[in-house]
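J.: Before I ask anything, here is the structure I am working with.
The values are calculated or read from the model by the stated rules, or taken from the named source; none is laboratory data. None of the values given here were measured: they were computed from a predicted structure. Quick reminder, even Gly has a Cβ in these numbers, built from the backbone with ideal geometry, and neighbours come from all protein chains shown.
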Amino acid sequence: MNIDHTNFNAADNHNINTTGNAPHRLPHHQRPDHQRVVITGMGAITPLGNSVADTWQAMLGGKRGIRRIEPVGVIDFRSQIAGTVIDFNVHEYMTSKDARRYDIFMHYGLASCAMALADAGLLDQTDNFKTARLVGADAHRVGVVFGSGIGGVGTIEDTSLTLADKGAKKVSPFVIPGSIVNMPAGLVAIQFGLKGANLATSTACTTSTHAIGVAARLIAYGDADVMVVGGSEKASTPVGMSGFAAMHALSTRNDEPTCASRPFDVGRDGFVLSDGAGAMVLESLAHAKTRGAVILAEVAGFGMSDDASHITAPPDNGEGASRAMMAALNDAGIEPYQIGYINAHGTSTPVGDVAESQAIASVFSQCERMPAVSSTKSMTGHLLGAAGVVEAIATVKALQDQQLPPTINLDNPDPKCALDHIAHTARAVQNLQYAISNSFGFGGTNGSLVLAKWLGA
């Protein structure tokens, strides 16, 4: 059905359901190889581990990455728990001098991208990332889309204290380049010699999902052969912790941190702030075939929308989220019934989990069977701008291994979140070919990815 937008009354827009109006594109697997986008490398640093393998095994085992933290003045904080990165060695990825210059979120970002490029077979060495350079691709056709929701808030905090205590002359000349959101993308390009398109996304919790989707379209459009994508975050700082807590957005289950993140459970009381990064290498199928790359999965579809309703809260019916999922399905050229698993945004907030559940129920209402749903945030906490890519990585691993990670702490599912939940323990499946990874952020921004198991072509 085509709608004549010229007859719309602005006051009536909120009553119009547009989730199914966009026409399907040609199914992704029928498109020419230069327009298909595949994933050939992944890297991750999370509260569960400092690699994709460690993070994934922890997810399958239902392990908990959330712990009590001790920032300055923590006794006054409403929330005193976070998902922090443990035993990360930045000196494997940059010099001591550079490490001092750049915020920790940049450390995580550069490291995750180095891992992803190495995993893709695009670096000339993997035993020394500080001197490694690009191989196997034209540097002018390799770009970066990498972002952050918060950026270098820790560096800005520290600099504010220096300014107050010691004056302007003691402020570091690296405070700006060491904290701005686009610098991880810039550092990755500089370190590995990537001369293609370079940009940063910063769309709150949707940041790295948007990075994946935008980069995939750059490839499909012909602007690049290879893109390094993802997001990073180090927001468990005094300002980050106190700011989110002041909104009453964070869980205050301080005495039992491992049970604090409990998406879709009746006892949920907010999300848990976490740190980390994730990265993927995307390529056109044509380029991947030419160099004989190992293909991990395919980015089949991408969809975006906005709620246009509130700065932090989604509408109760999840209408914006449903439009993002439908847009991703339409972009992939597939039908809802073909989705077997959804890695939900599932933050553990009272309003957000219900809205997403309503959205999923709406999109898949005509299907004989609802897709299985889990939120890996129950184990990692909420990595903000890095959440989307870390969860997309988990979704790729689910497609590869035919194992669905659980939602832990889901002791009493909220009746308003009536879905096929994977509670407590991982679920083995067969013939899982398509999955969705959802991300929704402040400002009402929504993003959904349809990822496909690689079956060869």
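J.: Restricting to segment 295-327, and then to whatever is out of contact with any Lys or Arg (no Cβ under 8 Å at 6 or more places or on another chain) and polar (S, T, N, Q), can you tell me which residue is modelled with the highest pLDDT?
T.: Going through the qualifying residues, I end up with Ser322.
J.: Could you grab me the full set of residues in segment 430-457 that are surrounded by fewer than 24 Cβ atoms within 10 Å (Cβ to Cβ), more than 20 Å from Glu335 (Cα to Cα) and of a type in the set (A, V, I, L, M, F, W, C)?
T.: Correct list: Phe442, Ala457.
J.: Could I ask something else about it? Condition check: at pLDDT 95 or above, more than 19 Å from the chain's Cα centre (by Cα) and within 29 Å of Thr425 (Cβ to Cβ). Does Tyr337 satisfy that? It would help to see each step written out before you state the result.
T.: Working: at pLDDT 95 or above: yes; more than 19 Å from the chain's Cα centre (by Cα): yes; within 29 Å of Thr425 (Cβ to Cβ): yes.
Spelling it out, Tyr337 is indeed at pLDDT 95 or above, more than 19 Å from the chain's Cα centre (by Cα) and within 29 Å of Thr425 (Cβ to Cβ).
J.: Which one of Ala332, Ala361, Ala308 is buried (at least 19 other Cβ atoms within 10 Å of the Cβ) and either hydrophobic (A, V, I, L, M, F, W, C) or farther than 24 Å from Asp265 by Cβ (or both)?
T.: After ruling out the rest, the residue left standing is Ala332.
J.: Looking at this structure, is Leu187 touching a residue at least 24 places away in the same chain (Cβ under 8 Å) and either assigned to a helix (DSSP H, G or I) or under 11 Å from Phe146 (Cα atoms) (or both)?
T.: yes
J.: Right, here's the next one. Kindly provide the set of residues from segment 419-449 that are under 14 Å from Gly340 (Cβ atoms) and in a strand (DSSP E or B), ordered by number.
T.: Those that are under 14 Å from Gly340 (Cβ atoms) and in a strand (DSSP E or B): Asp420, Arg427, Ala428, Tyr434, Ala435, Ile436, Ser437.
J.: List every residue pair whose Cβ atoms sit under 7 Å apart, with the two residues 6 or more apart in sequence or on different chains, where the first one lies in segment 51-69 and is on the phi > 0 side of the Ramachandran plot and the second, anywhere, is among the hydroxyl-bearing types (Ser, Thr, Tyr) and in a helix (DSSP H, G or I).
T.: That search, which allows pairs on different chains as well, returns nothing.
J.: Here's a follow-up. Go through segment 223-260 and give me each residue that's assigned to a loop (DSSP other than H, G, I, E, B), touching a helix residue (DSSP H, G or I) at 6+ places or on another chain (Cβ under 7 Å) and over 14 Å from Gln80 (Cβ atoms). Steps first, answer last, please.
T.: First, the residues of segment 223-260 that are assigned to a loop (DSSP other than H, G, I, E, B): 223-225, 234-237, 247-249, 251-256, 260.
Keeping just the survivors that are touching a helix residue (DSSP H, G or I) at 6+ places or on another chain (Cβ under 7 Å) gives 224-225, 234-235, 237, 253.
Matches in segment 223-260: Ala224, Asp225, Lys234, Ala235.
J.: Does Val181 meet the test of being under 30 Å from Glu70 (Cβ atoms) and either assigned to a loop (DSSP other than H, G, I, E, B) or within 24 Å of the chain's Cα centre (by Cα) (or both)?
T.: The answer is yes for Val181.
J.: Looking only at segment 110-157, filter to residues that are assigned to a loop (DSSP other than H, G, I, E, B) and among the hydrophobic types (A, V, I, L, M, F, W, C); which one of those is surrounded by the fewest Cβ atoms within 10 Å (Cβ to Cβ)?
T.: By that ranking, first place goes to Val135.
J.: Then there's this: Of everything in segment 39-78, what is in a loop (DSSP other than H, G, I, E, B), modelled with pLDDT of 95 or more and small (Gly, Ala, Ser)? Give them in sequence order.
T.: Ser51, Gly61, Gly62, Gly65
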